[in-house]
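Heads up, the thing below is written out as structure tokens.
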Amino acid sequence: MELSQQSIHDVIHPTAAFSEAPVGIASNSPDRDGTTTTSWYDSPLNPKNRIDSLAVLERPLWRIDGCTAYGSQFYAIPLFIGTPLPMRIDVFIPEPARLSPVLKKVLDVDVAFHTTSGSRIAVLGITRHILRILQHWTSTQDNPAQIFDNVPFGSRIVFENLPVNVADARISIARTHYLERQLLSLPSLQRYWGTGVQTPPTIDISEVSYVSQLHDSVCLVKIQDKIWIFKALTSYTKYLYHELRQLLLIEPHPNIVARPVHLVMKKCSFGNKVAVVGFTLEYHVHGSLRDLLPFLRIHNKVSLADETKWAIQLASALVHLRGTSKIFYPDLRLDNIVLSASRDVVMVDFEQRGVWCEFAAPEVNALEYVRLLAVDEEIPVDVQKKYADILTEMLPNWEAMGEGEEYVWPSSGYNVPWSCLTPTEQEACEVYMLGRVLWCIFEGNSAPQRAAVWLSYRWEPSVEFPGYTRTPARVQKLIDHCTRGRQPGMSKLIVREGNQLVLRKYEKMGLSTPQSVQETARDWWSMEIKESEVWLKQRMEGMKRGDWNENYYDRPTLKEVLSELEAFRDEAGLRS
């Protein structure tokens, strides 16, 4: 089955249990032997379908730093205007599923669906074709710098089509005035938060120079010759302001990202509002552990002492958060852990959106399945209402947490599943995620499983959780204790192979069919949802009676995990 936004809905999300329509097989779909039947009209051999060139431009006017949104949004940077500002004006192309199979193949469009980093997509045909279209479009304008005159923050360069001939591209600028209306002034935020939240100094965006985009919400910028992280969102600004407040309230800890240094301001197009468009943070040059850990392991650049130190630092940071700030941390994965210049780990990302289900604790998954079904508009209405009612019983007015993109005060966050949990349950779920991260650290892998089919890693895991190849026995026991209640995920049955979703048992055999994949997903999700409903019913009844065991799977506390890691370090003689 071809990987697409629709296949994620029909296979990867719990909505698969209610996706009744069989998946159609396109006329240009692969045959059993892997070949593709294509008419002469659509054939790449037909001169009208040939792309003139995908060679690297000698004097490019643009650069692409990466992509997101399943390969439909590209971070395009103009090279013809001197030092650009971090205005987040990205290029949007038509949804890849709408493109012809031949064009998708020629341009490697499907690879961009699950690949995001600039260095990895630079060699793709789609990246080079976009650059050539931008080159032609820019060169035909009298003053291309005017593209960026007086445009709202986060505006879009929209490709209305993606033609073979670059001259046939239809391009428009979508001015995101709606986004600037969402953005808030500093006095507004101060009025919301009161005097208990001390805000950092402000700086105008004109004094901030763009360096490079790291991912959809984070780029590198330069301010007075120093490099900083610039955090900004081009949609759902409520998460930006929620994270900002969290970071300003968290008590300092050496392994938690330091408080923001600047608030970046921009005068908006309407009403003369000067809004907070983002904030800067300290830049940790080594980047996240997700790609760094496997690299260090492969090149024998990491020791057991390093791994143990990082494990202790993470556990210490989580204990600190729970003991001082009273907030939950639902985003624990290697992507959100960076390595400082002194080779210490630092936790980042406090939007509190949460992680994908194969990274999360089963308690959170049970609630997230219900939430996804309660808000989906493609499944039957009666099914949607059933799960909305279940959620309402646990968290009245939960709908308000998901409504709209703008920040409305008062707000304690927007994570529905975690808001359903008690503090004790939240800690147990943090311990579960910590156990999974400990496995990644001691095994030297990017992730526990090949689970997120829409994201490929530079180094895919060679062994998957809960298998062990190099973790010390005592740490294995601790990890197993932390991850009590774990269940095999759907990745045991369905995996991504290139740009296809296939049955794992038929991987690299060419025997999977879209129908078998969807049927397998439907059966698995039906059982998973049923078991989640049973568990949630038991929990609600136990909560009403007052005898519910909030640490249902009997995991250790964060302090107990920290103590055990410190004991392992001392007994192994690993103290530096």
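See the values below:
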read-out: Kirkwood Rh in Å, taken over the range 196-244 so that all alpha-carbon pairs contribute; value: 12.1
read-out: Share of carbon and sulfur in the accessible heavy-atom surface of the chain [1.4 Å probe, %]; value: 51
read-out: Extension gain (nm, one decimal) between Glu251 and Tyr178, 0.36 nm per residue minus Cα-Cα; value: 22.8 nm
read-out: Average accessible area per residue (Å²) across the range 331-427 - probe 1.4 Å, nucleic acids and ligands excluded; value: 41
read-out: Contour minus Cα-Cα distance for Asn300 and Ser340 (0.36 nm per residue); value: 12.5 nm
read-out: Span per principal axis, largest first, for the Cα atoms of the range 523-568 (Å); value: 43, 32, 9
read-out: Overall Cα dimensions of the chain - principal axes, largest extent first, Å; value: 70, 60, 54
read-out: For Arg504, solvent-accessible area (1.4 Å; no DNA, RNA or ligand), Å²; value: 70
read-out: Rh by Kirkwood over Cα pairs, then Stokes-Einstein D for the range 405-487 at 0.890 mPa s and 25 °C, µm²/s; value: 165
read-out: Charge dipole magnitude, Cβ of K and R +1, D and E -1 - the chain, Cα centre, debye nearest 20; value: 1100
read-out: At q = 0.11, 0.12, 0.13, 0.16 Å⁻¹, base-10 log of I(q)/I(0) for the range 91-246 (Debye sum, equal scatterers on each alpha carbon); value: -0.60, -0.70, -0.81, -1.12
read-out: Inter-centroid distance (Cα atoms) of the range 248-326 relative to the range 118-155, Å; value: 31
read-out: Protection proxy ranking of 204-217, 231-244 - average other beta-carbon atoms within 10 Å, highest first; value: 231-244, 204-217
read-out: For the range 492-501, Karplus couplings with θ = phi - 60° (6.51, -1.76, 1.60), whole Hz, Gly/Pro x; value: 6, 10, 10, 9, 8, 10, x, 9, 10, 8
read-out: Sequence ranges 457-470, 150-163, ranked by mean other-Cβ count within 10 angstrom, highest first; value: 150-163, 457-470
read-out: Extension gain from Ser117 to Ser53, taking 0.36 nm per residue of separation minus the Cα-Cα distance; value: 20.7 nm
read-out: Order by protection proxy (mean Cβ within 10 Å, highest first), peptides 396-403, 549-556; value: 549-556, 396-403
read-out: Hydrodynamic radius by Kirkwood, which averages 1/r over all alpha carbon pairs of the range 465-552, in angstrom; value: 16.3
read-out: Met543, Met509, ranked by accessible area, largest first (probe 1.4 Å); value: Met509, Met543
read-out: Distance between the range 208-239 and the range 343-381 - C-alpha centres, whole angstrom; value: 25
read-out: Over the chain, relative contact order from alpha-carbon pairs under 8 Å, at least 6 apart, %; value: 15
read-out: Table column - 3J(HN,Hα) (Hz), the range 202-209, Karplus curve with 6.51, -1.76, 1.60, x for Gly and Pro; value: 9, 8, 6, 4, 5, 9, 10, 9
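The values are calculated or read from the model by the stated rules, or taken from the named source; none is laboratory data. Predicted model, so just to flag it, every value in this text is computed and none were measured. All Cβ positions, even for glycine, are placed from backbone atoms using ideal geometry, and neighbour counts span all protein chains on display. Areas reflect the complete protein model, heavy atoms only, side chains present, ligands, DNA and RNA absent. Shrake-Rupley method; radii C 1.70, N 1.55, O 1.52, S 1.80 Å.
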